[in-house]
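The values are calculated or read from the model by the stated rules, or taken from the named source; none is laboratory data. Remember, predicted model here, so these are calculated numbers, not experimental data. FYI the Cβ positions are ideal-geometry reconstructions off the backbone, even for glycines, and counts take in every protein chain you see.
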Amino acid sequence: MADVREILKERTLVLDGAMGTMIQRYKLEEEDFRKGWFEDHESPLKGNNDLLSMTRPDVIKAIHAEYLEAGCDIVETNTFSGTTIAQADYNLESAAYDINYHGAKIAREVCDEFTAKTPDKPRFVAGSIGPTNRTLSISPDVNDPGFRNVTYEELVTAYKEQVSGLIDGGADIFLVETVFDTLNAKAALYAIDEAQEEKGTELPIMVSGTITDASGRTLSGQTTEAFLISVQHSNLLSVGLNCALGADALRPYLQVLKQKAPFFTSAHPNAGLPNEMGEYDETPEMMASQIKTFLDEGLVNIVGGCCGTTPEHIKAMVELVDNKLEIKQNG
């Protein structure tokens, strides 16, 4: 298998775009989230997109293929909410391992198909590990600042099961993403280390935080530099930022990471901020012009898209990266 670290020394890699945005195009109904697995489940399941790797693998496979056709190098698994903690909202804690195993397996199959066609451009599977819907640093009860609805040990246990499924399904990389609470991320990193030690693997790890507003801080109050300092004890492949803001608004924080981080850097921003209808207005051309600035300034080694981005957005990024590489090679 190609070494992603060595490739990153030579060129910028492109991550795929939004999974949820693409799933919405299929107009799926309740039965699509149950098919073959959860027909008798007592709770509503529509909207639990991670289940589709099991119940509608054809849809997830097609979405991965669209992004690979657009030219991306790294495909994220459909496992953002694949922990027992996040799945508890649907009374589906028992499905966590299967969600991750099948999510990684489908992505692996599609990536291998595309790599076989063009072996000089290997494709990688990034196991998507979201932040869960609970936080260790902030109380969910304004009247009790010391209260927490999850413990560090519970998060480690949940993440370890997720990581085990991703490894068994064939992931190449772990992507701990949309980090709004670094303590949650530390639990994920600890779980990754434990699972890898047990399984004898050494897959590279990407960590990507999210700046929630113009204050330049994560939801739990850290600046970009503080976030970096909190995770740089791990032997990471990359550190970066994703979600929440559009590309233009992320630029000053990426500058901090590029200056301070001892790792490769990444960015997969939203297609701008959502409008009053919750939709994203930035076209591929608009987003590409902002990503071009990232590349021109040497701010990122891995670039892709988050909420609102599509294969069209990713294709525009791929063209930028290819042009940059061609100019570099031609001196």
task: Filter the stretch 43-89 down to residues that are of a type in the set (Ser, Thr, Tyr), free of Cβ contacts under 8 Å to residues at least 60 places away in the same chain and either surrounded by 24 or more Cβ atoms within 10 Å (Cβ to Cβ) or within 16 Å of Glu161 (Cβ to Cβ) (or both), then give me how many there are.
output: 2
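Report yes if Leu219 is modelled with pLDDT of 95 or more, within 19 Å of the chain's Cα centre (by Cα) and of a type in the set (A, V, I, L, M), otherwise no.
Judged against the criteria, Leu219 is not a match.
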statement: Here the residues within the stretch 97-115 that are within 14 Å of Gly71 (Cα to Cα) and crowded, with 17+ Cβ neighbours inside 10 Å are Val110, Cys111, Phe114, Thr115
field: Subset of the stretch 251-280 (residues that are touching a helix residue (DSSP H, G or I) at 6+ places or on another chain (Cβ under 9 Å), aliphatic (A, V, I, L, M) and over 20 Å from Val179 (Cβ atoms))
entry: Ala271
message: So, in the stretch 139-176, how many residues would count as being in contact with a Ser or Thr (Cβ under 6 Å, 6 or more places away or on another chain) and in contact (Cβ under 8 Å) with a residue 12 or more places away in the chain?
response: 4
message: Anything in the stretch 247-301 that is among the β-branched types (Val, Ile, Thr) and more than 20 Å from the chain's Cα centre (by Cα)? List them, or say none.
response: Val256, Thr283, Thr293
query: Which one of these does Gly169 not meet: (1) surrounded by 24 or more Cβ atoms within 10 Å (Cβ to Cβ); (2) touching a strand residue (DSSP E or B) at 6+ places or on another chain (Cβ under 7 Å); (3) within 24 Å of Ile7 (Cβ to Cβ)?
result: (2)
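When you scan the stretch 33-48, do you find a residue that is at pLDDT 95 or above and either closer than 18 Å to Gly308 by Cα or within 19 Å of the chain's Cα centre (by Cα) (or both), even just one? Lay out the reasoning, then the answer.
Residues of the stretch 33-48 that are at pLDDT 95 or above, as a first pass: 33-48.
This time we only want the ones that are either closer than 18 Å to Gly308 by Cα or within 19 Å of the chain's Cα centre (by Cα) (or both), so: 47-48.
Yes, because at least one residue in the stretch 33-48 is at pLDDT 95 or above and either closer than 18 Å to Gly308 by Cα or within 19 Å of the chain's Cα centre (by Cα) (or both).
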task: Any chance you could count how many residues in the stretch 278-306 are without any contact (Cβ under 8 Å) to a residue 60 or more places away in the chain and over 22 Å from Phe124 (Cα atoms)?
output: 18
- prompt: Can you name every residue in the stretch 116-147 that is under 25 Å from the mean Cα position of the chain (by Cα), aliphatic (A, V, I, L, M) and loosely packed, with under 14 Cβ neighbours inside 10 Å?
  reply: Ala116
query: Just checking, how many residues over the stretch 90-107 are farther than 12 Å from Val163 by Cα and out of contact with any strand residue (DSSP E or B) (no Cβ under 7 Å at 6 or more places or on another chain)?
result: 9
- line: (1) modelled with pLDDT of 95 or more; (2) in contact with a helix residue (DSSP H, G or I) (Cβ under 7 Å, 6 or more places away or on another chain); (3) among the small types (Gly, Ala, Ser) all hold for Ser137 apart from (1)
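When you check Thr309 against the structure, is it buried (at least 23 other Cβ atoms within 10 Å of the Cβ), hydroxyl-bearing (Ser, Thr, Tyr) and in contact (Cβ under 8 Å) with a residue 12 or more places away in the chain, yes or no?
Considered against the rule, which asks whether it is buried (at least 23 other Cβ atoms within 10 Å of the Cβ), hydroxyl-bearing (Ser, Thr, Tyr) and in contact (Cβ under 8 Å) with a residue 12 or more places away in the chain, Thr309 comes out as yes.
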